[in-house]
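For reference, the structure is listed below as structure tokens.
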Amino acid sequence: MKNIHVLNQQIYITTDEEIKEGDFFLYDETTIRYKTNGTEYHGGDLCHISGIRRYPISESKKIILTTNPLLGGVQAIDDEFLEWFVKNPSREYVNFISYGNEKGTKDYELIIPQEEPKQETLEEAALRLYPDKGYEDELYCDIGEYNRELFIEGAKWQAERSYSYDEVRRIAYNAYCLGQLEEPTEGKFNQWIVEFKK
């Protein structure tokens, strides 16, 4: 955020595991809620109940690890993972293993990737897709170079016209409010993200 204040940020690791009474969950990727009682059918969707509010299961994820000390009972993220995450801030997904403990609940262990995959450059991808065949035919070589240049320019153009995650969410919400779009389901929204996000 562009302002003079330093605002603390928290990390939440979520999973598709069943959300049970007493669990914290993340609703719609933005709102933290505490499940207070059972699941019920409400308005065409199964919902978790928190207080007097209902939150669709399809848009809720169980929080299993966090840096937020206010979420009592949720396992803390260890320093080793935090150090790795600071070096890899764009990582959206991590693997974990879970195992039972003496309290009858689960403990989680995050698996830190040992090696980050090398990011292929546009030039490397173009050469892989349109390799030089070793022919001495100058016309063929020119076509290969031409195809690589077109590929690179097309990829740059696609990146410039793509939308970020937040932009797709905002566009979908505005279209829904104007009656131009049915209420976007999480599955449909995720499909748009895959198609349009940078």
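Side notes on the structure shown:
- Residue in region 27-84 that is modelled with the highest pLDDT, counting only those that are touching a Cys at 6+ places or on another chain (Cβ under 9 Å) and of a type in the set (Val, Ile, Thr): Ile57
- A count restricted to region 26-81 and to residues that are of a type in the set (Val, Ile, Thr) and farther than 21 Å from Ile111 by Cα stands at 8.
- Selection status of Arg169, modelled with pLDDT of 75 or more, surrounded by 14 or more Cβ atoms within 10 Å (Cβ to Cβ) and not hydroxyl-bearing (Ser, Thr, Tyr): no
- Checked across region 52-71, the condition of being part of a loop (DSSP other than H, G, I, E, B), charged (D, E, K, R) and surrounded by 14 or more Cβ atoms within 10 Å (Cβ to Cβ) holds for no residue.
- Meets criteria (over 22 Å from Glu18 (Cβ atoms) and in the same structural domain as Asp28 (by TED's automatic domain parsing)) for Val86: yes
- Criterion applied to Leu150, Leu122, Leu110 was being over 30 Å from Ile63 (Cβ atoms), at pLDDT 80 or above and touching a helix residue (DSSP H, G or I) at 6+ places or on another chain (Cβ under 7 Å), and the one residue passing it is Leu122.
- Flag for Lys2 being among the basic types (Lys, Arg), at pLDDT below 80 and not in a strand (DSSP E or B): yes
- Among all residues of region 115-127, there is none that is charged (D, E, K, R) and assigned to a strand (DSSP E or B).
- Residues satisfying the criterion are present in region 131-144 (criterion: assigned to a helix (DSSP H, G or I), at pLDDT below 65 and charged (D, E, K, R)).
The values are calculated or read from the model by the stated rules, or taken from the named source; none is laboratory data. All figures in this text were calculated on a predicted structure; none of them were measured in a lab. Counting neighbours? That spans all protein chains shown, and the Cβs are built from the backbone with ideal geometry, glycine included.
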